[in-house]
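**Student:** I have a structure I would like to understand better, so I am pasting it below and will then ask my questions one at a time.
The values are calculated or read from the model by the stated rules, or taken from the named source; none is laboratory data. Since this is a predicted model, take the numbers as computed values, not measurements. All Cβ positions, glycine included, derive from the backbone under ideal geometry; neighbour counts span all protein chains shown. SASA here: full protein model, heavy atoms, side chains in, ligands and nucleic acids out. Shrake-Rupley method; radii C 1.70, N 1.55, O 1.52, S 1.80 Å.
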Amino acid sequence: MKNTSWLMTEKVVRMVIALSIGVWVTRYLGPDQFGVLSYAQSFVGIFAAFSSLGLNDIIIRELVKSKDQENVLMGSAFGLQTLGSTSIMLILSISILLNDNDQLTNKIIVILGLLTFVNSFNVITSYFHSVVKSKFYAITGLIGVMVSSIIKVYLILGEYSLIYFVYVLAFDVVFLALGLMWFYRRMGHSLFSWRFSWSVSRDLLKDAWPLVLSGIIISIYMKIDQVMIKEFMGNSDVGQYSAAVRLSEAWYFIPTIICSSLFPAIINAKMRNHDLYMSRLQRLYNLMVLLGVVIILPVVFLSDWLIHFLYGAEFHLSAGVLNIHILGSVFVFLGVANQKWFISENFQAYNIVCLGFGMMSNIILNIFLIPKYGIIGAAYATLISQFVASVLAPVLFKKTRNSFLMMVHAIFFVQVFKKGKLL
């Protein structure tokens, strides 16, 4: 509980800062400059899965199982992620040669791409999680985000240009890496003791490839809309859309924390009694829908005022996007809960296929809707694809149809009408 509270505190502080300093930065940059930054982040983010290679959770598991193999596990994971970052830079370099972006946009893409090499040091975070010392990661993150917030305020008051805010993003990543290394050394460990092993690397990749594949699909699924808006429309439209999306997605950490906390109880029920297991799953789905509705209603009613208050009149188009995008919260929350069900049933392959359907529907819908309806079309494409990936796709397979029925019951509050209660 103490370990988890550190992580929760770090998440909440980041959200508060995102809704204060982050909003101020967005307002200062305006739709066009913020659109340039958001496009570059989304473009690099599409390839982010090649850097982490889905190894973080695998490393935690292996470190817990084989503590005497710490140095070879850490060294192998670090080496693999560095190779992944190298592949990202090759892809980005080729794309820069082929695209027609302006020089500033390409410069930001290169900077963000190079930061993936620094992110390889996040394997230390996996070590902290494995020994239940996540507070070291949380402390470093909290200090870093507070310092960078002060720098951002200085840049805004000094009327600095966009590139300086990109340098602050780089500072965040570098500071976190240095902090992790410092705490790791204080615990009596050394990076110079890490050893790379091809055999260990092959074993890690063998276990991680489904996570790599799902990570790639999720990256494309979550970022492709902003990239396509830039290609079909322009930077200002990306800025309007991204401003709304960041408000909508600010709540996504809630289902992750809740589902992770309740997951052990669900697994325990699965081992004890099937009816109890299904009952707890249904209650989890019900809770996700309830939380989604609680978030959606005030945002929909206050969206125009909220956008004007936070971002100013320049972002007036963001309100319409927010009204549509926030509706997908219910499907996203259900999707997080359903992923836990996939894991408990060992149906990870089906999860990848469902996410794949969501990704493909998002791309196809964006191709047709953005040219005709602009950023509103992109918002509808995201909403529909979230429904497809989280709720509709499981109905296609006999083994996953049960979860589809439970989610439908939750969406239509079937348990309320049957028993007069929701949870």
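**Student:** Contour minus end-to-end for Val147 and Leu114, with contour as 0.36 nm per residue of separation and end-to-end as the Cα-Cα distance?
**Tutor:** 9.7 nm
**Student:** Taking 7 Å along the Cα-to-C-beta vector as the label spot, tell me the Val13-Leu98 distance in nanometres, rounded to one decimal.
**Tutor:** Going by the 7 Å Cα→Cβ label model, 4.3 nm.
**Student:** Now a separate question. Taking 2.2 N^0.38 Å as the expected size of a compact globular protein, what ratio does the Cα radius of gyration of the range 138-265 give against it, to two decimals?
**Tutor:** For the range 138-265, the normalised Cα radius of gyration is 1.42.
**Student:** Take every Cα pair under 8 Å in the chain that's 6+ residues apart, average their separations, divide by the length, and report that relative contact order as a whole percent.
**Tutor:** Computed value for the chain: 21 percent relative contact order.
**Student:** Give the whole-number value, in cubic angstrom per residue, of the convex hull volume spanned by the C-alpha atoms of the range 310-352.
**Tutor:** Taking the convex hull of the Cα positions in the range 310-352, it is 88 Å³ per residue.
**Student:** Using 0.36 nm per residue of separation minus the Cα-Cα distance, give me the extension gain between Ile363 and Ser344 in nm, one decimal.
**Tutor:** 3.9 nm
**Student:** For Ser134, enumerate residues with amide H under 5 Å from its amide H, sequence gap 5+ or separate chain, H modeled in the peptide plane.
**Tutor:** Those lying under 5 Å, H to H, from Ser134: there are none.
**Student:** Another question, if that's okay. Could you estimate the translational diffusion coefficient of the range 284-364 from the Stokes-Einstein equation, with Rh from the Kirkwood formula over C-alpha pairs, at 4 °C and 1.567 mPa s, in whole µm²/s?
**Tutor:** Taking Rh from Cα pairs, D becomes 89 µm²/s.
**Student:** From Cα coordinates alone, what are the radius of gyration and Dmax values for the range 4-93 in angstrom?
**Tutor:** Taking only Cα atoms of the range 4-93, I get Rg and Dmax of 18.0, 52 Å.
**Student:** Turning to a different aspect of this structure: What distance in nm separates the simple spin-label points at Tyr252 and Gln69, each placed 7 Å from Cα in the Cβ direction?
**Tutor:** 3.2
**Student:** Classify the range 59-208 as rounded, prolate or oblate from the Cα gyration tensor: take a ≥ b ≥ c as the square roots of its eigenvalues, call it rounded if a/c is under 1.5, otherwise prolate when a/b beats b/c and oblate if not.
**Tutor:** Judged from the Cα gyration tensor, the range 59-208 comes out oblate (a/c at least 1.5, b/c at or above a/b).
**Student:** Moving on. What accessible area per residue comes out for the chain, rounded to a whole number of Å², with a 1.4 Å probe?
**Tutor:** Averaged over the residues of the chain, the accessible area is 47 Å².
**Student:** Turning to a different aspect of this structure: GNM, the chain, Cα, under 10 Å: largest mean-square fluctuation among Tyr241, Tyr127, Tyr164?
**Tutor:** Maximum among the listed residues: Tyr164.
**Student:** Which value, in Å to one decimal place, does the Kirkwood hydrodynamic radius take for the chain when every pair of different Cα atoms is included?
**Tutor:** Numbers: mean 1/r = 0.0439 Å⁻¹.
It works out to 22.8 Å.
**Student:** Taking all protein chains in place and a 1.4 Å probe, what share, in percent, of the accessible surface of the chain do carbon and sulfur account for?
**Tutor:** Carbon and sulfur together cover 67 percent of it.
**Student:** I would also like to ask the following. Using the Karplus equation 6.51 cos²θ - 1.76 cosθ + 1.60 (θ = phi - 60°), what ³J(HN,Hα) coupling, rounded to whole Hz, does each residue of the range 200-205 give in order, writing x for Gly and Pro?
**Tutor:** 5, 4, 4, 5, 5, 5
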